[in-house]
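FYI, it's all coordinate maths here, none of it is from the lab. Keep in mind the model is a prediction, meaning the values are calculated, not measured. When we count neighbours, we look across all protein chains shown, and the Cβ atoms used for this are built from the backbone with ideal geometry, even at glycine.
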Amino acid sequence: MVDQMFPHESAKKIAPWLESVWDGINFSSFPNAVLIHGQSGIGKFEFSIELAKALLCETSEGPKPCNHCEACRWFDSANHPDFIALVPETHRKLLPHGDFDSESDSPKKSKASQADSDGDASEKKEKKSISIEDARSAIEGLSIGTHRGGNRVILVYPLEMLRADSANTLLKSLEEPPKNTIFILLADRLDRVLPTIRSRCRLLLAPRPDRISGLTWLRNQLASVPGMKISDADIESIYDEQGGAPYAVLDSLIARHNKDEKDELTIAIQASRYLLQAMSQGARINWLDAADKTQKARYSILLATMQRWVSDLQSCAQMGSPRYYPKHEAAIKTLAQQARLPKLLRFWKSLIQARRHENHPLATRIQLEALLSQYQQVFED
């Protein structure tokens, strides 16, 4: 069979910096499991959705997805019977046209997930993980044939959010993959994926765009948002603060434009900026106040902000320049001269350790207080 390659024209929903990954895929001998990994917010999920649609497309001629066949129409309306998405409830809004707030019997939402909506506060925290009930419910029917006689695609995102019992359930299916079943797994942090799962997948690295390409794409997207007014300086500042992740920046700017103060990304930007202001004080940081004012943001985002700040500090301490926060260059260079390098290195190691357990259900404020108190000591004898 001749290899099917998908030209750029069929990949309009794929970010320009991911087109080379798409073109490098051999669709005529596609593996039963791929693991797409790379930084959060660079378009991996959108890429995987288009990939799933292409694998389910039923056209016999031309590039896939064709966007015209019955399978493509079913996929776009979130009704394709051979597409299963294993994602936490916090991520379901990212799926194509899925109405997950309805009480209808959707094949994408298990009874266990519906029951969770009536749970108490402690149960609601578990919605950020993929439950064992959801994993089992999705995998139970894999032994039977596909509904439409073609491929069946199972999307798991983010893979590192799988609980241990869910990961073991997935592993069993990867060890003995059902016929015509393809797993598309996504991970922001490859180091958190079980080695046994990694070894059974073909790895695809999703690269981050260079700064010029990312900003160009971002400005083009923002230009199509009605009423959006934002300066280039502000765009570039937020882009750098978000670690050069264009999709994350776009979502956060749209949320801010819509004045959605409860949006997680809006909360994250506000908290990150307050955290940066606090950390720029060095030894004079009011770490109790900083922890109190930022605790509502997702802990992993706050840790990433601290890591980028410390990375810039280390760079300037070695006569380099800040990569993530160039607008804070003067403050960072001053602090780099004041920092005790052995303490700065120990703090960096503490941040790495904290990131390994960032999804553990501990009190965010307590963890922040401990880290920021240690940060203050970096500048003291």
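Rounded to whole Hz and in sequence order, give me ³J(HN,Hα) for the range 194-208 from the Karplus expression 6.51 cos²θ - 1.76 cosθ + 1.60, θ = phi - 60°, writing x for Gly and Pro.
Coupling constants for the range 194-208: 4, x, 5, 6, 4, 5, 9, 10, 8, 7, 10, 8, 8, x, 7 Hz.
Rank-order 163-175, 243-255 by packing density, defined as the average count of other C-beta atoms within 10 Å over each peptide's residues, highest first.
Result, highest mean Cβ count within 10 Å first: 243-255, 163-175.
Run the numbers for residue 136 and residue 94: contour at 0.36 nm per residue of separation, minus the present Cα-Cα distance, in nm.
Result for the pair: 12.9 nm of gain on full extension.
Can you compute 3J(HN,Hα) from phi for each residue in the range 285-295, using the Karplus curve 6.51 cos²θ - 1.76 cosθ + 1.60 with θ = phi - 60°, rounded to whole Hz and x for Gly and Pro?
5, 8, 5, 5, 5, 4, 5, 5, 7, 10, 5
What length, rounded to one decimal in nm, is gained on full extension from residue 199 through to residue 147, with 0.36 nm per residue of separation minus their alpha-carbon distance?
Residue separation times 0.36 nm, minus the Cα-Cα distance, leaves 15.8 nm.
Using all Cα-Cα distances in the range 211-296, what percent lands in each 5 angstrom bin from 0 up to the longest?
That works out to 3, 14, 23, 21, 17, 11, 7, 3, 1, in percent per bin.
Between residue 206 and residues 5 or more places away or on another chain, which pairs have amide H atoms under 5 Å apart, with H built 1.01 Å from N, and which residues are they?
So residue 206 has HN proximity to 37, 38.
Once the Cβ-Cβ distance between residue 296 and residue 229 is put in as r, and R0 is 30 Å, what FRET efficiency do you end up with, to the nearest 0.05?
For residue 296 and residue 229, the calculated efficiency is 0.65.
Per the Cauchy relation, a quarter of the hull surface: what is the mean projected area of the convex hull of the alpha carbons in the range 20-90, in nm²? Could you put the intermediate results ahead of the total?
Numbers: hull surface 23.4 nm².
Over all viewing directions, the range 20-90 projects a mean Cα-hull area of 5.9 nm².
May I ask you to list the GluC sites (Glu not before Pro) in the range 48-96 that are in a DSSP loop and have at most 12 other Cβ atoms within 10 Å of their Cβ?
61
Gain in length, residue 327 to residue 212, computed as 0.36 nm per residue apart minus the alpha-carbon separation, to one decimal in nm?
Working: separation 115, 0.36 × 115 = 41.40 nm, distance 1.71 nm.
Roughly 39.7 nm would be gained on extension.
Of the trypsin sites (Lys or Arg not before Pro) in the range 247-335, which ones lie in a loop per DSSP and count no more than 11 other C-beta atoms within 10 Å? Walk me through the intermediate numbers first.
Details: sites: 256, 259, 262, 273, 284, 293, 296, 298, 308, 323, 327, 333; in loops: 259, 262, 296, 298, 323.
Sites meeting the loop and neighbour criteria: 259, 262.
Count neighbours as other Cβ atoms within 10 Å of each site's Cβ, and list the GluC sites (Glu not before Pro) in the range 224-333 that are DSSP loop with at most 10 such neighbours.
261
R0 = 25 Å: FRET efficiency of residue 58 with residue 20, Cβ-based, nearest 0.05?
On the way: r = 27 Å, r/R0 = 1.07.
Here the calculated transfer efficiency is 0.40.
Based on the mean of other beta carbon atoms within 10 Å per residue, what is the order of 42-48, 335-341, most packed first?
Taking the mean over residues of other Cβ atoms within 10 Å, the ranking is 42-48, 335-341.
Residue by residue through the range 296-310, what is 3J(HN,Hα) from phi via Karplus (6.51 cos²θ - 1.76 cosθ + 1.60, θ = phi - 60°)? Round to whole Hz and write x for glycine and proline.
Karplus values, whole Hz, x for Gly and Pro: 7, 6, 4, 4, 5, 5, 5, 5, 5, 4, 5, 4, 5, 4, 5.
Considering amide H positions built from the backbone, and no H for Pro or chain starts, which residues 5 or more places from residue 181, or on another chain, come under 5 Å of its amide H?
Counting only residues 5 or more places away or on other chains, the set is 152.
May I have the convex hull volume per residue, in Å³, for the Cα set of the range 261-377?
94
Give the distance, in whole Å, between the Cα centre of the range 323-381 and the Cα centre of the range 286-313.
Using only Cα atoms, the two centres lie 8 Å from each other.
Distance between the C-alpha centers of the range 165-239 and the range 47-94? Whole Å please.
Centre-to-centre (Cα) distance: 17 Å.
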